[in-house]
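Reading through the structure tokens given below for one structure.
The values are calculated or read from the model by the stated rules, or taken from the named source; none is laboratory data. Just so we're clear, the structure is a prediction, and the values are computed from it rather than from any experiment. Counting neighbours? That spans all protein chains shown, and the Cβs are built from the backbone with ideal geometry, glycine included.
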Amino acid sequence: MTRKNTICLWFEGDALDAATFYANTFPDSAVVAVHKAPGDYPSGKQGDVLTVEFTVMGIPCLGLNGGPAFKHCEAFSFQVATDDQAETDRYWQAIVGNAGQESVCGWCKDKWGISWQITPRALTAAITHPDPAAAKRAFEAMMNMVKIDIAGIEAALKG
């Protein structure tokens, strides 16, 4: 079934591997369908996996095995709201520990180059706190973090 709006992610030939990883890592995620190329194309042959329909936390996606022409960048990311430090740590480790890369302020990249923001709800609440001074302290604490440490955010919020 073709949806009105689907996120299309370009891969070098490993869209099925990525979709399977996401389905095994995040709730409400699944590989929905795998479609093979009906003919040869610039980065593949007839019968190769051309597209993979999948969901990531309920978001419909299409993985396109388009080849090496385009690379992912931080201009697109999945933002995952986490409820506690254990969930934050679990998703962070799943991505970074599977040949991914750490960045800053809760950002990381998976091994396919897709950017992820692993964002505790406590961080979002802290940096939007009605007390501007408290929000600034929490924001400044976040700016010095790689993976978000909720206890550190809460300590900064309190002053």
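Structure data summary
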read-out	value
Any hit, segment 72-80, residues being under 30 Å from A37 (Cα atoms), charged (D, E, K, R) and touching a residue at least 12 places away in the same chain (Cβ under 8 Å)	yes
Complete set of residues in segment 32-85 that are part of a strand (DSSP E or B), touching a Lys or Arg at 6+ places or on another chain (Cβ under 8 Å) and not assigned by TED's automatic domain parsing to the domain that holds D14	A81, T82
Cβ-Cβ under 7 Å pairs, at least 6 apart or on other chains, segment 128-152 side without any contact (Cβ under 8 Å) to a residue 24 or more places away in the chain and part of a loop (DSSP other than H, G, I, E, B), far side among the small types (G, A, S) and buried (at least 17 other Cβ atoms within 10 Å of the Cβ)	T128/A135
T88 being on the phi < 0 side of the Ramachandran plot, in contact (Cβ under 8 Å) with a residue 60 or more places away in the chain and among the hydroxyl-bearing types (S, T, Y)	yes
Residue that is nearest to the chain's Cα centre (by Cα) [pool: residues in segment 23-54 that are closer than 21 Å to P68 by Cβ and hydroxyl-bearing (S, T, Y)]	T51
Count - residues of segment 83-130 that are more than 27 Å from W10 (Cβ to Cβ) and in contact with a strand residue (DSSP E or B) (Cβ under 6 Å, 6 or more places away or on another chain)	3
